[in-house]
1. Which loop-located chymotrypsin sites (Phe, Trp or Tyr not before Pro) does region 1-107 contain, where loop means any DSSP state but H, G, I, E or B and the Cβ has at most 13 other Cβ atoms within 10 Å?
2. Going by the alpha-carbon gyration tensor, a ≥ b ≥ c the square roots of its eigenvalues, is region 1-81 rounded (a/c under 1.5) or, if a/c is not under 1.5, prolate (a/b greater than b/c) versus oblate?
3. Compute from the Cα atoms of region 106-145 the Rg and the Dmax, the latter being the longest Cα-Cα distance, and quote both in angstrom.
4. Taking 1 over the mean of 1/r across every pair of different Cα atoms in region 42-85, what Kirkwood radius in Å do you get?
5. Please list, in order along region 12-26, the HN-Hα scalar couplings obtained from phi with the Karplus expression 6.51 cos²θ - 1.76 cosθ + 1.60 (θ = phi - 60°), rounded to whole Hz, x for Gly and Pro.
6. For Ser96, Ser117, what's the fewest-to-most ordering of other Cβ within 10 Å of each Cβ?
7. What's the angle, to the nearest 10 degrees (0 to 90), between helix 27-44's Cα axis and the longest principal axis of the chain?
8. For helix 95-114, what angle does its Cα long axis make with the longest principal axis of the chain, in degrees from 0 to 90 and rounded to 10?
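Every number in this text was worked out from the coordinates using simple rules, so none of it is lab data. As the structure is a prediction and not an experimental result, all values here were calculated from the model. With ideal geometry, Cβ positions are generated from the backbone for all residues, glycine too; neighbour counts draw on all protein chains shown.
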Amino acid sequence: MWIPVERLIDGVVRTLTDAVLPDLATPFARGQLYAAVDVLKNLRDRVEPRADLAAAEADSALAALERCATALPSGSAALARRITDAYGAAEAMPPSARATALRELLVDALTALAALSDAEARPARAPLLEHLGAQAMRDVAVLKPSMLNEISRG
């Protein structure tokens, strides 16, 4: 699941100030926490999503949507046209905007496919599900090693 960087940083700041700060007893520790919060707040609006990750997601979504549109049953021409028109417009966008637009189109396509019978929807749904599985792996691949051991020791 993609979470905007701004929301992640806001959540960390909120956790630090609401949950951690009240339990810090020494002025030095409180000062260090305020310094970290200050850095995070200033960093929040200076970070951009990585274009290479957005491009990989968008390319995968585009290919999945193209395969979906061609696999739709004949009675779904309107949906196929909507998918084709939308991904055609998304191709010219910068990677981050393109990934966002194609994510929305994926949701629309999956919602429309839910109205079809399973037999009709299965061939068109398969490439979308393949993309979502691959995207989950791309999302996990950039995560850093866990610090749960250190966190649990306090």
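1. Counting only loop positions with at most 13 other Cβ atoms within 10 Å, the chymotrypsin sites (Phe, Trp or Tyr not before Pro) in region 1-107 are Trp2.
2. It is prolate, given that a/c is not under 1.5 and a/b is the larger ratio.
3. 13.2, 42
4. Working: mean 1/r = 0.0796 Å⁻¹.
Final number for the Kirkwood radius of region 42-85 is 12.6 Å.
5. These are the phi-based 3J(HN,Hα) values: 5, 4, 4, 5, 4, 7, 8, 9, 8, 3, x, 9, 8, 8, 8 Hz.
6. Details: Ser96 17, Ser117 8.
Least crowded to most crowded, the residues run Ser117, Ser96.
7. 30 degrees
8. Taking the Cα atoms of the chain, the angle to 95-114 is about 60 degrees.
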